[in-house]
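**Student:** My questions will all concern the structure given below.
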Amino acid sequence: MKVLILAAGQGKRMKSRVPKVVHRILDKPMINWVIDTAKKLSNEIAVVLGNGIDVVQNFLSNDIKIFEQKERLGTGHAVMCAKDFLTDSDVLILYGDVPYISESTLKSLLKMHAESKNDATILTVELENPTGYGRIIKKNNKLLKIIEEQDASPEIKIIKEVYTGIGVFNSQKLKNALEKLTPNNAQGEYYLTEVFQYFENVGILKTENKIEVCGVNDRVQLAELEKSIRKDILRNFMLNGVTIVDPDSTYISPDVEIGIDTVIYPQTFVYGKTKIGENCEIGPLTRIKECIIGNNVKITRSECELTQVMDNVSVGPFSRLREGTFLEENVKIGNFVETKKTHVSKGSKAQHLTYLGDTYIGKDVNIGAGTITCNYDGKKKNKTYIDDDSFIGSNSSLVAPVKIGKSVVIGAGSVITQDVPDFSLALGRAKQINKLNWVKEKRSDSKKGE
Ligand code: UD1
Ligand code: CA
């Protein structure tokens, strides 16, 4: 079985400069929701693209075949553009703007199709408000035809069972039927829904899950669908041992994994393929994207992206962990600390007002408040290396490339431009002078002048 995803439509109703199918739900482009589900069912997947093909292509992995539909002449025409893909096996057709369809529903559809030997088996749903969808006309529990909204008479419009756009087809029969399509309808398009009149047996699977088959045509529907999906995902986490303090203000994408007894506090966003371990406290006011986080980790009011954090780490409030950050066990990163491409080994701390970029930090190092690694010389990035047990005094600037040895002490306020050998004290600042009684003398001088 192959999967063909239609995604060439302009998405006019989105009123957007970017193609509809790359608009995101829980930070994941709609087309990737469909593709990820398709990948669970087949390893032969093709997408029909048109509008914004260059943009959409960037979101697809190399194993996805692409067919171009140069003119948008309808869903039937879109499938015709992929006719080389329609060989002897069955083809499952999905729509790029129906993102939440599940593997299990599709499996039931495929099972029904295989058992019945139908020419096609389609997925339908009954909607309170069927406006905009193709209506299902049946005879003896088999599909007779589908009538699009624009072509429907008032008697047809009251039918509540509609086509979801999803169906599995015998490829050969589909190809033959497509050749017979004409654009003789209200929209002047080649409708995929008109192939059914050329089939003998079309099975119908009516799903009860309305969220799964929701299509997105405008930004109102995009927001509504995100809300429903979000609720569904959060519910699943809660039923699997994760505490979500305020589901109304929590956003978690479908590819996230979270261990039991982790608590997610309000206003928290967890996106991408993030993994969070057990017994963590995440949030409030935290955004985490593409991170791997161990057990017993606490992240408060912080931003973390492309970062790995091991067990018992504490981050925040107000930390920013940027790409390439790696924090080993028992590390503490505190308020107003930014890290990028930085490795912090076990037990080390940077608790206040610090920037660490392109830095390696050994074990049990203390980074004083206001420490800055000066990693950029205006042309390129340079590395800072700080060995185990060292102490960086507050408000120090470490001008990279620079290597601080083991058990080194850097005096507060230093500007360090040279490597420091193990067990040394380094001071890189003007020596302090105390001018005794200077203030008293100043005052008496000014009195004389009066
Ligand atoms: C379509 C169905 C309708 C169904 C509804 C479910 C047809 C004729 N109608 O209507 O019965 O109830 O979906 O959501 O099929 N596309 C192309 N090329 C085109 C036109 C569309 O690739 O020339 C793609 C779109 O990108 C989209 C999908 O096909 O992913 C559906 O197109 P859309 O225009 O949204 O169809 P609907 O009017 O919603
Ligand atoms: Ca649609």
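**Student:** Just to be sure, is Asn236 without any contact (Cβ under 8 Å) to a residue 12 or more places away in the chain, over 15 Å from Tyr133 (Cβ atoms), not assigned by TED's automatic domain parsing to the domain that holds Lys138 and not in a strand (DSSP E or B)?
**Tutor:** Numbers: without any contact (Cβ under 8 Å) to a residue 12 or more places away in the chain: yes; over 15 Å from Tyr133 (Cβ atoms): yes; not assigned by TED's automatic domain parsing to the domain that holds Lys138: yes; not in a strand (DSSP E or B): yes.
Criteria met by Asn236.
**Student:** Kindly state which strands (runs of 3 or more DSSP E) lie completely within the range 282-352 and contain at least 1 residues that are open to solvent by less than 40 Å² (accessible area, probe 1.4 Å) and touching a His at 6+ places or on another chain (Cβ under 7 Å). I'd like the intermediate steps shown before the answer.
**Tutor:** Working: elements: 286-289, 303-305, 307-309, 319-321, 325-327, 332-344.
Of the strands (runs of 3 or more DSSP E) lying wholly inside the range 282-352, those with at least 1 residues that are open to solvent by less than 40 Å² (accessible area, probe 1.4 Å) and touching a His at 6+ places or on another chain (Cβ under 7 Å) span 332-344.
**Student:** Glu148 fails exactly one of the following numbered conditions: (1) under 30 Å from Asp88 (Cα atoms); (2) surrounded by 14 or more Cβ atoms within 10 Å (Cβ to Cβ); (3) in contact (Cβ under 8 Å) with a residue 60 or more places away in the chain. What is the number of that condition?
**Tutor:** (3)
**Student:** Can I ask one more? In the set Glu115, Glu189, which member is away from ligand 1 (no atom under 15 Å from the Cβ), assigned by TED's automatic domain parsing to the domain that holds Glu71, outside any strand (DSSP E or B) and surrounded by fewer than 22 Cβ atoms within 10 Å (Cβ to Cβ)? Break it down stepwise before answering.
**Tutor:** On the way: Glu189 fails: away from ligand 1 (no atom under 15 Å from the Cβ).
Answer to the check: Glu115.
**Student:** Looking at the range 37-60, which of its residues are free of Cβ contacts under 8 Å to residues at least 24 places away in the same chain and either open to solvent by less than 10 Å² (accessible area, probe 1.4 Å) or farther than 17 Å from Gln10 by Cβ (or both)?
**Tutor:** Across the range 37-60, the qualifying residues are Lys39, Asn43, Asn58.
**Student:** Is the range 39-60 home to any residue that is touching a Cys at 6+ places or on another chain (Cβ under 9 Å) and either closer than 19 Å to Ala120 by Cβ or within 15 Å of ligand 1 (Cβ to nearest atom) (or both)? Even if it seems obvious, please write down each step before you answer.
**Tutor:** Of all residues in the range 39-60, those touching a Cys at 6+ places or on another chain (Cβ under 9 Å) come to 48, 50.
This time we only want the ones that are either closer than 19 Å to Ala120 by Cβ or within 15 Å of ligand 1 (Cβ to nearest atom) (or both), so: 48, 50.
Checked the range 39-60: at least one residue is touching a Cys at 6+ places or on another chain (Cβ under 9 Å) and either closer than 19 Å to Ala120 by Cβ or within 15 Å of ligand 1 (Cβ to nearest atom) (or both).
**Student:** Here's something else I'd like to know. Name the residue, out of Glu226, Glu303, Glu257, that is in contact (Cβ under 8 Å) with a residue 24 or more places away in the chain and charged (D, E, K, R).
**Tutor:** Working: Glu303 fails: in contact (Cβ under 8 Å) with a residue 24 or more places away in the chain; Glu257 fails: in contact (Cβ under 8 Å) with a residue 24 or more places away in the chain.
Answer to the check: Glu226.
**Student:** Next question, about the same structure. Of the residues Asn201, Asn184, Asn240, Asn217, which single one is of a type in the set (S, T, N, Q) and modelled with pLDDT of 95 or more?
**Tutor:** Details: Asn201 fails: modelled with pLDDT of 95 or more; Asn184 fails: modelled with pLDDT of 95 or more; Asn217 fails: modelled with pLDDT of 95 or more.
Only one candidate qualifies: Asn240.
**Student:** Of all residues being within 13 Å of ligand 1 (Cβ to nearest atom) and of a type in the set (D, E, K, R) in the range 1-23, which is surrounded by the most Cβ atoms within 10 Å (Cβ to Cβ)? Just the residue, please.
**Tutor:** Lys20
**Student:** Checking the structure you have, find out if any residue of the range 24-33 is of a type in the set (Phe, Trp, Tyr) and either surrounded by fewer than 16 Cβ atoms within 10 Å (Cβ to Cβ) or assigned to a strand (DSSP E or B) (or both). Even if it seems obvious, please write down each step before you answer.
**Tutor:** First pass over the range 24-33, keeping only residues of a type in the set (Phe, Trp, Tyr): 33.
Still in the list and also either surrounded by fewer than 16 Cβ atoms within 10 Å (Cβ to Cβ) or assigned to a strand (DSSP E or B) (or both): none.
Checked the range 24-33: no residue is of a type in the set (Phe, Trp, Tyr) and either surrounded by fewer than 16 Cβ atoms within 10 Å (Cβ to Cβ) or assigned to a strand (DSSP E or B) (or both).
**Student:** From the list Gly241, Gly259, pick out the single residue that is buried (at least 16 other Cβ atoms within 10 Å of the Cβ) and over 29 Å from Lys15 (Cα atoms).
**Tutor:** Details: Gly241 fails: buried (at least 16 other Cβ atoms within 10 Å of the Cβ).
Criteria check complete, one pass: Gly259.
**Student:** Please give the number of the condition Lys206 fails out of (1) surrounded by 14 or more Cβ atoms within 10 Å (Cβ to Cβ); (2) modelled with pLDDT of 95 or more.
**Tutor:** Only one criterion in (1) surrounded by 14 or more Cβ atoms within 10 Å (Cβ to Cβ); (2) modelled with pLDDT of 95 or more is unmet by Lys206, namely (1).
**Student:** Kindly provide the set of residues from the range 151-167 that are open to solvent by 20 Å² or more (accessible area, probe 1.4 Å) and either in a helix (DSSP H, G or I) or touching a residue at least 60 places away in the same chain (Cβ under 8 Å) (or both), ordered by number.
**Tutor:** Hits for the range 151-167 are Asp151, Pro154, Glu155, Ile156, Lys157.
**Student:** OK, next. Cβ-Cβ under 6 Å, sequence separation 6+ or interchain: first residue in the range 206-218 and without any contact (Cβ under 8 Å) to a residue 24 or more places away in the chain, partner more than 9 Å from ligand 1 (Cβ to nearest atom) and not small (Gly, Ala, Ser). Which pairs?
**Tutor:** Between residues of the range 206-218 that are without any contact (Cβ under 8 Å) to a residue 24 or more places away in the chain and residues that are more than 9 Å from ligand 1 (Cβ to nearest atom) and not small (Gly, Ala, Ser), there is no close pair.
**Student:** Let me ask another. In the range 93-112, which residue that is part of a loop (DSSP other than H, G, I, E, B) and either open to solvent by 20 Å² or more (accessible area, probe 1.4 Å) or outside the structural domain of Leu178 (by TED's automatic domain parsing) (or both) is farthest from ligand 2 (Cβ to nearest atom)?
**Tutor:** Ser102
**Student:** Name the residues in the range 168-192 that are within 19 Å of Ile5 (Cα to Cα), of a type in the set (Gly, Ala, Ser) and without any contact (Cβ under 8 Å) to a residue 60 or more places away in the chain, would you? Before the answer, list the steps.
**Tutor:** Residues of the range 168-192 within 19 Å of Ile5 (Cα to Cα): 168-175, 177-178, 189-192.
If we keep only those that are of a type in the set (Gly, Ala, Ser) as well, we get 171, 177.
Within the range 168-192, just Ala177 meets the criteria.
The values are calculated or read from the model by the stated rules, or taken from the named source; none is laboratory data. Model, not experiment: these values are computed from the prediction. Cβ coordinates were reconstructed from backbone atoms using ideal geometry, including for glycine residues, and neighbour counts include every protein chain displayed. What goes into the accessible areas is simple: the full protein's heavy atoms, side chains included, and nothing from ligands, DNA or RNA. Shrake-Rupley method; radii C 1.70, N 1.55, O 1.52, S 1.80 Å.
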